[in-house]
Amino acid sequence: MKNLKFISLAIVGSTIISSPLLKAEEDYTKGFYNSLSVGATKVSDIDFGRLGILQFKTGIDFDGSFGYDFGKRFRSEINYAVNGSDFQNTTTSAGYVDLKTTTFSLNGLVDFPNTSKLTPFIGVGIGSSKVEVTGANDTVTIYNVIAGGGYSLTDNVDLVGKYTYRSFSDLTLGSVKITDSFTNTFSAGITWRY
């Protein structure tokens, strides 16, 4: 009888203790997600050798991601981004830009959930970017540093704002070697989970 009472108390006690833990686990959603965003990008000044140091106007950036949320804090995603910028003090034909980059990257992100609807996050990534100017192009390794926040609109949809710093390894465009180039991008978009 004593053993039966002990077992009963143990079951009741474990249920009481584990209930908050189970609820905490249920608060975190695991699964796949997609995101689409658009924003403004600024290319660093680039030394083009005989042409001198050229500056760029603020350009436009489009990106999309397919990722997996592991629950609680950690996510990974494949990102595709395209952006274009014109040189300062130049005009180009409609539909063309002076510099275009197309990037594929793998990013790892850490969320910071809290009691509000706003969830900050940070991340890093590595990938490959094709950089194109008129008459020349190069494909190089890139590194991302990401920071932003997601505001919950529904259980499955977030409004997201983010900043991405993208650093490019050494580029060769035609006969010109370019070092220490980077972009700063601010974007906003939507993330939806399955």
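The values are calculated or read from the model by the stated rules, or taken from the named source; none is laboratory data. All values reported here derive from a predicted model rather than from experimental measurement. Virtual Cβ from ideal backbone geometry, glycine too; neighbours counted across all protein chains shown. Accessible surface is based on the protein model in full, side chains and every heavy atom, while ligands, DNA and RNA are left aside. Shrake-Rupley method; radii C 1.70, N 1.55, O 1.52, S 1.80 Å.
Please report, ordered by residue number, the strands (runs of 3 or more DSSP E) entirely within segment 74-176 with at least 2 residues that are open to solvent by 40 Å² or more (accessible area, probe 1.4 Å).
On the way: elements: 74-85, 99-111, 118-133, 136-152, 157-168, 171-173.
In segment 74-176, 74-85, 99-111, 118-133, 136-152, 157-168 are the strands (runs of 3 or more DSSP E) which contain 2 or more residues that are open to solvent by 40 Å² or more (accessible area, probe 1.4 Å).
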*Hey, any hits in segment 119-127 for a residue that's more than 17 Å from Asp69 (Cβ to Cβ) and free of Cβ contacts under 8 Å to residues at least 12 places away in the same chain?*
no
_Pull out all pairs, ordered by first then second residue, where Cβ-Cβ is under 6 Å, the residues are six or more apart or on different chains, the first lies in segment 162-189 and is modelled with pLDDT of 95 or more, and the second is of a type in the set (A, V, I, L, M) and open to solvent by 60 Å² or more (accessible area, probe 1.4 Å)._
Tyr165/Val145; Gly189/Leu36
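Condition check ((1) at pLDDT 90 or above; (2) of a type in the set (Ser, Thr, Tyr); (3) under 20 Å from Thr191 (Cα atoms)) across all residues:
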| position | (1), (2), (3) |
| --- | --- |
| Gly67 | yes, no, yes |
| Asn79 | yes, no, yes |
| Gly84 | yes, no, no |
| Thr91 | no, yes, no |
| Phe104 | yes, no, yes |
| Leu109 | yes, no, yes |
| Gly127 | yes, no, no |
| Val131 | yes, no, no |
